[in-house]
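The values are calculated or read from the model by the stated rules, or taken from the named source; none is laboratory data. Here the structure is a predicted model, which means the values were calculated and not measured. Counting neighbours? That spans all protein chains shown, and the Cβs are built from the backbone with ideal geometry, glycine included.
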Amino acid sequence: MDIYGFYKGEIFDAYEYLGAHVSNSGTVFRTYAPNASKVAVVGDFNSWQDQPMSPVADGNFYEIIIPEAKEGMRYKYRIYDRKGNFIDHCDPYGFGMEVRPGTCSVIRSLNGFRFSDSDWLSKRTDCRDKPMNIYEVHLGSWRRKAPVPTESDDISTLTSDEITAQEGWYNYAEIAEQIADYALEYGYNFIELMPLSEHPCDESWGYQSTGFFSPTSRYGTPRQLMEFVDICHKKGIGVIVDFVPVHFAVDHYALTEYDGTRLYEFPDDEATYNEWGSRNFMHSKGEVRSFIQSAANYWLSIYHFDGLRMDAIRNMIYWNGQEYRGENRIAIEFLKSMNCGLKARHPSAIISAEDSSSYPKVTAPVFDGGLGFDYKWDLGWMHDTLEYFQSAPMYRTRDYHKLTFSMLYFYNEKFILPFSHDEVVHGKATIAQKMNGQYPEKFPQARALYMYMIAHPGKKLNFMGNELAQLREWDEKREQDWDMLKYPLHDSFREYVKALNHIYLKYNALHYDYDPTNFMWEDCNSTDRCIYAIRRKSADGDILAVLNFSDWYQSDYSVSIGKGFDVRLLLDSDNQLYSGTTPDGSTEFSVYDDHIDMNIPPFSGRLFLLKRSPEKAK
């Protein structure tokens, strides 16, 4: 490794030098601890007794080769501060860790698995003009096996395998076929996994990381994760992983005060701690920048992930995410540099930002003054849309333009429309539960909501359970409520979402999101009727969505389509197939020379395909 480049923050593969690397002569351990007085390694291979490491390079790195250290063995670095006190730390660059409550690193080889996805990678794109329908998943609570009881109630006495069996977690390889097939069946072409970097508490969902290079051992080994991605690629499903470049867990066995000083974090508490109670990375340090961007590159390079969703970018743009404190220019420049480096190495990988600020040019190229992300989550669209559907129908004429406002700023960025995990927890209610009214009234509104989402420009993201109209808030300790599918309203809702998703994947007009000529409002002025008409254009046919968000039957509604089109109904959200009121095949509409007339039931939408007809064009 180029040590000078490491200090300058230019390294993207520090994991190839640092960490524990299995070789024919044993395992080579290396760590960076510039302020330590001495460093030793302890583990299963030496009965947890100090085995001193030697200073190497410029004296700030420590190294040892241990022939007895084999794959699967646990270890820690015993780091002595300047006063002679020590703390045993897991390896910042370690490739594996044991299952909580254990805190040791585990020796894992990254060699041995042969990917078979070269054809996938050669054809992969960032989907700018292609469909991107993302199914966001928390692996531990999508599906679970029957828990296996253990004789001991003391979790600290259990092995990693016993803990995994007790919790009922599938490992990465076991769940891959299930989830990839599910995504295919229900019209998703990407899976986005919540953070997989090791974390001590299930409740943090991976956002409070202790092992930035360690796939969480809850679900198995690095090799099994590689198999997961490879299986998804074989089935035509892309895989994105959540990545946290802002902060890390406070646990002292991990990055916190790693070498007896605040090596990765700020020296003062005001800058170190954030709103989540975790510690902020000090992005002005070159070694910290090399650490973070090496971790980002690691997931893309070693595991063949198709993209990263970067969490809490607002907290890098502004000091602790607070705009009044001003821009964090150093962190902003780091984002630009990291994104440039990642895209240079992985041009077709997708780098998206979860950013709640209105900072400009987040998705513009760095050479054009942007941050260099491919996409940004449209949290404004999400909040406005859900607030609209939470309001009583009598107020929707007042709030009519909450749903048109998004198109006033849409072309400022390349947006993803997210209904994510954040919207279905902590007393917020699930997406379906948010719909105004009593239980039966929620389903037609949710069907109309999702048709609006599909018709609106922007790539799509939905959290698991949304497709079932799940009414229980997400709990990371329980699998999804699959038994709800025995109820017709939920089962038919899932079938509706499936039909809608496949329409989205099929028709090109719904993919050219960022071309202003692709979108137009055919009607955004029917305020009193709460009707909207959205048109998406393409050379091989237009898609027209007509949406009635009022609670009354709308008679004699007319929408202009222009001359020379054949019209076909693709989907009616009120169809009885989906627990609506309209018998299959009897949707009312009449096509005339340049417009369509129809009657629209309350809380419903229709999707039409408009194809130019040579005969009608004469």
Check your understanding: If you check ARG74 against the conditions, is it surrounded by 20 or more Cβ atoms within 10 Å (Cβ to Cβ), touching a strand residue (DSSP E or B) at 6+ places or on another chain (Cβ under 6 Å) and not acidic (Asp, Glu)?
Key -> yes
Practice item. Could you please tell me which pairs satisfy a Cβ distance under 8 Å, a separation of 6+ or placement on different chains, a first residue in segment 383-402 that is touching a residue at least 60 places away in the same chain (Cβ under 8 Å), and a second residue that is of a type in the set (A, V, I, L, M) and assigned to a loop (DSSP other than H, G, I, E, B)? Key: THR385/LEU403; TYR388/LEU403; PHE389/MET435
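To keep it simple, each residue is scored yes or no on (1) closer than 24 Å to HIS502 by Cα; (2) small (Gly, Ala, Ser); (3) touching a strand residue (DSSP E or B) at 6+ places or on another chain (Cβ under 9 Å).
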position: ARG144; (1), (2), (3): no, no, no
position: ALA176; (1), (2), (3): yes, yes, no
position: CYS201; (1), (2), (3): no, no, no
position: GLN208; (1), (2), (3): no, no, yes
position: HIS233; (1), (2), (3): yes, no, yes
Review point. Would a scan of segment 479-491 turn up a residue that is over 23 Å from PRO440 (Cβ atoms) and either surrounded by fewer than 18 Cβ atoms within 10 Å (Cβ to Cβ) or not basic (Lys, Arg) (or both)?
Key: yes
Review point. Which is at pLDDT below 95, outside any strand (DSSP E or B), acidic (Asp, Glu) and surrounded by fewer than 21 Cβ atoms within 10 Å (Cβ to Cβ), of GLU203, GLU177?
Key: GLU203
Review point. Within segment 5-34, how many residues are hydroxyl-bearing (Ser, Thr, Tyr), surrounded by fewer than 22 Cβ atoms within 10 Å (Cβ to Cβ) and under 20 Å from ARG345 (Cβ atoms)?
Key: 1
Point to revise | In segment 501-525, the residues that are in contact (Cβ under 8 Å) with a residue 60 or more places away in the chain, more than 17 Å from GLY541 (Cβ to Cβ) and crowded, with 17+ Cβ neighbours inside 10 Å | key: ASN501, TYR514
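Evaluate the following for THR150: is it at pLDDT 95 or above and out of contact with any Lys or Arg (no Cβ under 8 Å at 6 or more places or on another chain)? Full working, then the answer.
Numbers: at pLDDT 95 or above: no; out of contact with any Lys or Arg (no Cβ under 8 Å at 6 or more places or on another chain): yes.
Answer is no for this residue.
Could you tell me which residue of segment 313-342 is nearest to VAL229 (Cα to Cα), considering only residues that are aliphatic (A, V, I, L, M) and buried (at least 20 other Cβ atoms within 10 Å of the Cβ)? Please lay out each step first, then the result.
At the first step, the residues of segment 313-342 found to be aliphatic (A, V, I, L, M) are 313, 316-317, 330-332, 335, 338, 342.
Right, trim to buried (at least 20 other Cβ atoms within 10 Å of the Cβ) and you get 313, 316-317, 331, 335, 338, 342.
On the way: ILE313: 26, MET316: 29, ILE317: 31, ALA331: 31, LEU335: 26, MET338: 24, LEU342: 19 Å.
Among residues in segment 313-342 that are aliphatic (A, V, I, L, M) and buried (at least 20 other Cβ atoms within 10 Å of the Cβ), the one nearest to VAL229 (Cα to Cα) is LEU342.
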Exercise for review: Determine the pairs where a residue that is free of Cβ contacts under 8 Å to residues at least 24 places away in the same chain, located within segment 4-32, has a partner that is of a type in the set (A, V, I, L, M) and not in a strand (DSSP E or B) with Cβ atoms under 8 Å apart, the partner being 6 or more residues away or on another chain.
Suggested key: GLU16/MET1; TYR17/MET1
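Within segment 59-66, identify whether any single residue is assigned to a loop (DSSP other than H, G, I, E, B) and charged (D, E, K, R), and answer yes or no.
No; the residues of segment 59-66 include none that is assigned to a loop (DSSP other than H, G, I, E, B) and charged (D, E, K, R).
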**Study point:** Output for segment 391-444, where each listed residue is of a type in the set (S, T, N, Q) and crowded, with 16+ Cβ neighbours inside 10 Å
**Key:** SER406, SER420, THR430, GLN433, ASN436
